[in-house]
Amino acid sequence: MFRGLYAAATALDAAQMRHEVTAHNMVNANTPGFRQQGVRFETFNLLIGRDQPPPPDIVGTRLAAGYTDFRPAALQATGNPFDLALGEPDHFFAVQGPAGTLYTRNGTFRLTPQGQLVTAEGYPLQGESGPVVVPAGAANVNIASDGNVTADGGPVGRVRVVRFADPTQLSPAGPTAYSAAPAVQPQEATGRVVQGFREGSNVNPTEAMVGMIATTRYYEAAQRALRAIAESVQLNTRPQG
């Protein structure tokens, strides 16, 4: 009976975690460059209060791993010369974060008064030879498909684009930015850069809503099971007389 209590309780935790992740995805369904998050669960055996492990008798569910779905999303035409998109699904822009280089598919950049192209968080876009800086007063900024940047016809630099053999090894460092561990080194890439476009979120709002409803049903089922088992335990432990 306690086995059932524990299984139902951990099922509640799993449903709550999945609900939070799905809600986070739905909130970011319109965030440029956002990649939906997911969680995987596994069953496990947990022995409580035993010095020697007997045969498994208490089971439950626990979080196995969180993951990011790096499938590409549709490109959206904006006409903004500082909006950029990447043509290859495994490529990333490199930006200078507070503690080192970060990587993002969110190509919504803006021009600072100092002429730097930065993200919404203010992280400078990296070029192959340092931050991309547009000269003051430049009227026409062009970013070619190979990443070369010109201002009023004069060369400014080239946007740094990188790729990873396995993007799933990246760690989230914000809504649309990722960091790489020292052992996960990017490779310089020469993919296509598209000016005047940005990549949308890869969250499907309809699928996310269906997932939210299903998770709510899982939570309610686990809650009912937990209540029924708890009531049964109370009945069986009630003094007879």
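Consider Thr104 against the criteria (1) of a type in the set (S, T, N, Q); (2) at pLDDT 95 or above; (3) more than 30 Å from Ala14 (Cα to Cα): it satisfies all of them except one. Which criterion is unmet?
In the conditions (1) of a type in the set (S, T, N, Q); (2) at pLDDT 95 or above; (3) more than 30 Å from Ala14 (Cα to Cα), Thr104 misses (3) alone.
Give just the number: which of (1) touching an Asp or Glu at 6+ places or on another chain (Cβ under 8 Å); (2) modelled with pLDDT under 75; (3) of a type outside the set (Gly, Ala, Ser) does Leu46 not satisfy?
So the condition that Leu46 fails would be (1).
Take the residues of region 21-46 that are in contact (Cβ under 8 Å) with a residue 60 or more places away in the chain and part of a helix (DSSP H, G or I): which is nearest to the chain's Cα centre (by Cα)?
By that ranking, first place goes to Asn25.
Can you pull out the strands (runs of 3 or more DSSP E) entirely within region 54-142 that have at least 1 residues that are exposed (fewer than 14 other Cβ atoms within 10 Å of the Cβ)?
59-68, 75-77, 100-104
Residues of region 183-236 being loosely packed, with under 13 Cβ neighbours inside 10 Å and either assigned to a strand (DSSP E or B) or in contact with a Pro (Cβ under 7 Å, 6 or more places away or on another chain) (or both), which ones?
Within region 183-236, Gln187, Glu188 meet the criteria.
Which members of region 143-156 meet the condition of being under 22 Å from Phe92 (Cα atoms) and loosely packed, with under 13 Cβ neighbours inside 10 Å?
Result: Ser145, Asp146.
Report yes if Arg18 is in a helix (DSSP H, G or I) and modelled with pLDDT under 75, otherwise no.
In short, no.
The values are calculated or read from the model by the stated rules, or taken from the named source; none is laboratory data. A quick note: this is a predicted structure, and the numbers were derived from the prediction, not measured. Positions of Cβ are generated from backbone atoms using ideal geometry, with glycine treated the same way; all protein chains shown enter the neighbour counts.
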